[in-house]
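The block underneath contains the structure these notes are about, expressed in structure tokens.
The values are calculated or read from the model by the stated rules, or taken from the named source; none is laboratory data. Note that the coordinates shown come from a computational prediction; the quantities given were computed from them, not determined experimentally. Please note: Cβ atoms are built from the backbone with ideal geometry, for glycine as well, and neighbour counts cover all protein chains shown.
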Amino acid sequence: MRFGKLGPLLGLAAVTLVVGGTASASSARSSIIPISDAQLKAEFTTVGGLSGGAAPEPASVRTIPHWFGTTTNPDDGITYGYNMVGADPSTCSGSSCDVTVQADITPIIVRVGGMTFDPTASIGGGNSIVQGVLASPQFATNDYGSTTAATEPSCGTNTALCAGPGGTLSQGDAGVPLQLEDATMRAQFDQTGSSSYHLRLEPHVLPAVTIDVPQNHGTLLQSGRGVIAGDVDISWWAAQIKNLETKADPTHLPIYLTDNVMLYEGVPTNCCVIGFHGTIPVGLGYGSGNSNGAAKLQTFAWASWITPGFYARPNGGTYWALQDIHALSHEIAEWGDDPFVNNFVEPWQTPTAPQYGCTNILETGDPVVGIGFSMGTNTTDQTPNPWTSPTNPTPSVSYDGTYHPEDEVFLPWFMRLGENGTVNDVSEPVQSDPANTDHGRYTFLGDLNPFAGFRQPATGC
């Protein structure tokens with residue numbers, strides 16, 4: 001992955017936290033660094049994780065509900081193991097297939113560069129970011145039978161990943177109200193329609209935490225549409241999340257939520273990481289102390305709400321889907337498919353995500369960063385951009401009244417099912433061949449994903 005694992009970085013910085021309350025600007029605003037669209041990146045990484053490949057975890061370990069499976073890759077002949085959250089779709093039955101995980105959402109108020117980024121504050125008298133996330137497809141239910149819009153490769157000269165027409169999405173679940181991760185997992189294992197298979201998230205909002213970022217670890221960035229973001233050193237930020245993790249319940253999913261706060265590596269314009277997920281093992285057999293029979297395997301995710309216009313160009317232009325819950329949907333989907341950050345696969349690469357190079361991790365969102373679709377009604381943070389471009393001061397609009405989840409790549413893509421005489425009979429059939437159970441899709445969008453590399457198994461490197 002672009003930044004690799006951040007495990008070695010977690011102990012590098014001291015932590016200063018102020019718990020609860022609302023925040024205001026603590027000092028005069030620092031100089032704001034303009035970042036050009038050519039410099040602006042959207043990246044993700046992982047933190048911690050177990051060493052070695054995936055294996056069944058001991059029953060005594062306290063962690064989220066999960067299952068262990070194996071698949072033989074017909075390309076390299078290797079049988080790969082993996083842990084995933086929820087119940088095993090190939091062996092569960094009835095109510096045992098229906099799993100709910102409590103998601104503990106900690107809003108983080110970030111004070112950096114003389115500005116405060118507060119996900120609990122009302123925006124223009126309307127919803128807060130926290131309220132917007134709770135109302136989003138991540139936790140509210142929607143009908144995934146169709147979508148009104150999905151990413152298309154371009155929309156004119158020097159454009160990429162624009163808003164395109166929608167259509168049929170998960171045809172097997174048409175008319176079934178589902179959360180986003182539930183719909184994704186059901187499609188991944190062709191457990192749609194009347195199936196009792198579910199992976200649900202039960203959100204609980206915890207008291208907000210305030211983090212003051214020292215001047216030498218953070219600054220402000222301004223995008224080409226005038227939208228300002230907090231910009232924080234990635235290793236320093238990872239240490240803050242590790243400190244918060246000591247209070248988490250290993251059987252829950254802690255989600256640390258920020259508002260338009262990005263991470264950089266080295267220099268502020270080497271930006272931006274907008275989310276990460278990871279695992280911190282604690283206890284006997286996991287490298288720290290005597291667990292007394294209570295070893296813990298703590299999973300977690302941090303993601304930032306993305307203000308429309310920081311990435312997304314006006315009127316459905318370039319990086320249209322890189323707004324609101326795009327980062328959060330990425331991290332929760334990857335948590336579901338690789339909770340302990342040790343599901344290794346045959347190395348893959350894709351031209352849609354050159355920032356990750358050649359990697360061997362089953363990270364379902366990395367190949368499709370910026371590729372997404374519309375779902376639900378979004379009334380949060382629907383505010384115009386300060387301008388259209390640095391040379392055009394006219395305010396512009398990048399929002400469209402919907403949420404923009406990311407597409408997600410499915411297990412059969414990584415496992416090369418469909419090569420060497422095999423078929424992809426694992427996931428929901430593609431929209432163009434809905435009755436053929438041997439013609440499974442390789443991403444949640446299926447035929448709506450416009451890139452040929454996701455109509456077939458992964459390519460090697």
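Could you tell me whether any residue of segment 74-82 is within 23 Å of the chain's Cα centre (by Cα), surrounded by 22 or more Cβ atoms within 10 Å (Cβ to Cβ) and in contact (Cβ under 8 Å) with a residue 12 or more places away in the chain? The answer is yes; a qualifying residue exists.
Within segment 195-221, residues that are closer than 30 Å to Ser96 by Cβ reach partners that are in a strand (DSSP E or B) and of a type in the set (Ser, Thr, Tyr) with beta carbons closer than 7 Å, at six or more positions or on different chains, in the pairs Arg200/Thr100; Glu202/Thr100; Leu206/Thr106. For segment 302-344, the set of residues classified as surrounded by 24 or more Cβ atoms within 10 Å (Cβ to Cβ) and among the hydroxyl-bearing types (Ser, Thr, Tyr) consists of Ser304, Thr307, Tyr311, Tyr319, Ser329, listed by residue number. Being out of contact with any Cys (no Cβ under 7 Å at 6 or more places or on another chain) and over 30 Å from Ile306 (Cβ atoms) holds for only one residue in Ala435, Ala458, and it is Ala435. If I filter segment 357-373 for residues that are in a loop (DSSP other than H, G, I, E, B), closer than 16 Å to Thr443 by Cα and free of Cβ contacts under 8 Å to residues at least 40 places away in the same chain, do I get at least one hit? Scanning segment 357-373 turns up no residue that is in a loop (DSSP other than H, G, I, E, B), closer than 16 Å to Thr443 by Cα and free of Cβ contacts under 8 Å to residues at least 40 places away in the same chain. Among the residues making up segment 224-278, those that are of a type in the set (Gly, Ala, Ser), more than 13 Å from Ile306 (Cα to Cα) and not in a helix (DSSP H, G or I) are Gly224, Gly226, Ala248, Gly266, Gly278. Scan segment 309-324 and give yes if some residue there is of a type in the set (A, V, I, L, M), within 30 Å of Ala54 (Cα to Cα) and either assigned to a loop (DSSP other than H, G, I, E, B) or in contact (Cβ under 8 Å) with a residue 60 or more places away in the chain (or both), otherwise no. No: segment 309-324 contains no residue that is of a type in the set (A, V, I, L, M), within 30 Å of Ala54 (Cα to Cα) and either assigned to a loop (DSSP other than H, G, I, E, B) or in contact (Cβ under 8 Å) with a residue 60 or more places away in the chain (or both).
In the set (1) within 24 Å of the chain's Cα centre (by Cα); (2) in contact (Cβ under 8 Å) with a residue 60 or more places away in the chain; (3) within 27 Å of Gly166 (Cβ to Cβ), the condition left unmet by Gly401 is number (2). When Arg62 is tested against the conditions (1) modelled with pLDDT of 95 or more; (2) in contact with a strand residue (DSSP E or B) (Cβ under 8 Å, 6 or more places away or on another chain), the lone failure is (1). Within the set Ile234, Ile211, Ile228, the sole residue that is within 19 Å of the chain's Cα centre (by Cα) and either crowded, with 22+ Cβ neighbours inside 10 Å or over 30 Å from Gly145 (Cα atoms) (or both) turns out to be Ile234.
Within segment 106-128, restricting attention to residues that are in contact with a helix residue (DSSP H, G or I) (Cβ under 7 Å, 6 or more places away or on another chain) and β-branched (Val, Ile, Thr), which residue is nearest to Thr251 (Cα to Cα)? Result: Thr106. Scanning segment 154-167 finds no residues that are touching a Ser or Thr at 6+ places or on another chain (Cβ under 7 Å), assigned to a helix (DSSP H, G or I) and touching a residue at least 60 places away in the same chain (Cβ under 8 Å). Summed over segment 374-398, residues that are part of a loop (DSSP other than H, G, I, E, B), over 25 Å from Ile325 (Cβ atoms) and free of Cβ contacts under 8 Å to residues at least 24 places away in the same chain total 3. Restricting attention to segment 94-150, the residues that are among the charged types (D, E, K, R), in a strand (DSSP E or B) and touching a residue at least 60 places away in the same chain (Cβ under 8 Å) total 3. Say we look at segment 426-461 and pick out the residues that are without any contact (Cβ under 8 Å) to a residue 60 or more places away in the chain, more than 24 Å from the chain's Cα centre (by Cα) and part of a loop (DSSP other than H, G, I, E, B); which of these is nearest to Ala353 (Cα to Cα)? By that ranking, first place goes to Ser432.
Do the conditions hold for Asp182, that is, is it surrounded by fewer than 20 Cβ atoms within 10 Å (Cβ to Cβ) and either in contact with a helix residue (DSSP H, G or I) (Cβ under 7 Å, 6 or more places away or on another chain) or touching a residue at least 12 places away in the same chain (Cβ under 8 Å) (or both)?
On the way: surrounded by fewer than 20 Cβ atoms within 10 Å (Cβ to Cβ): no; either in contact with a helix residue (DSSP H, G or I) (Cβ under 7 Å, 6 or more places away or on another chain) or touching a residue at least 12 places away in the same chain (Cβ under 8 Å) (or both): yes.
When the stated conditions are applied, Asp182 does not pass them.
Given Thr352, Thr364, which one is at pLDDT 95 or above and among the hydroxyl-bearing types (Ser, Thr, Tyr)? Talk me through it step by step, then tell me what you get.
Values: Thr352 fails: at pLDDT 95 or above.
Criteria check complete, one pass: Thr364.
Only residues that are of a type outside the set (A, V, I, L, M, F, W, C) and in a strand (DSSP E or B) were counted across segment 72-93, and they come to 6. Taking segment 365-398 as the search range and keeping residues that are closer than 20 Å to Pro34 by Cβ and surrounded by 22 or more Cβ atoms within 10 Å (Cβ to Cβ), which one is farthest from the chain's Cα centre (by Cα)? That would be Asn385. The selection criterion, being among the polar types (S, T, N, Q), within 21 Å of Gln431 (Cβ to Cβ), surrounded by fewer than 22 Cβ atoms within 10 Å (Cβ to Cβ) and over 19 Å from the mean Cα position of the chain (by Cα), does not hold for Ser170. Checked against (1) surrounded by fewer than 24 Cβ atoms within 10 Å (Cβ to Cβ); (2) in contact (Cβ under 8 Å) with a residue 12 or more places away in the chain; (3) in a loop (DSSP other than H, G, I, E, B), Pro347 passes all but a single condition, namely (3). Scanning segment 419-451 for residues being more than 21 Å from Gly172 (Cα to Cα) and either surrounded by 15 or more Cβ atoms within 10 Å (Cβ to Cβ) or in contact with a strand residue (DSSP E or B) (Cβ under 7 Å, 6 or more places away or on another chain) (or both) gives a total of 3.
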